[in-house]
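Below: one structure, written as structure tokens.
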Amino acid sequence: MRIIIIKVEIEDNDFIEQALFNELDGMLGQSMTDFTKLPDTTELYENDRTFRELCIKLKAARRYKNDYINKKKLDNKE
């Protein structure tokens, strides 16, 4: 099994968003298990110190998680 995550940035338009969803749903069917609209957090990131710190910690946690997964994959190949 392979999981692929795609992040697409489009203009703020419900019609385009729905067309994108319909296209992906038609092409991928039930293999598309999630379609999420992410909120725009630009202003929050620029003006809220706590949110900015959380984003930095989340980025570091993702990096550590990916490093751990990759290390385990290498260990299993040996």
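The values are calculated or read from the model by the stated rules, or taken from the named source; none is laboratory data. Just so it is clear, the model here is predicted, and its values are computed rather than measured. Here Cβ is always computed from backbone atoms with ideal geometry, including for glycine, and neighbour counts include all displayed protein chains.
Quick look at the numbers
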| read-out | value |
| --- | --- |
| Residue, modelled with the highest pLDDT, within the range 17-49, restricted to residues that are among the hydrophobic types (A, V, I, L, M, F, W, C) and under 19 Å from the mean Cα position of the chain (by Cα) | Leu44 |
| All positions within the range 41-56 that are of a type in the set (D, E, K, R) and exposed (fewer than 10 other Cβ atoms within 10 Å of the Cβ) | Glu43, Glu46, Arg49 |
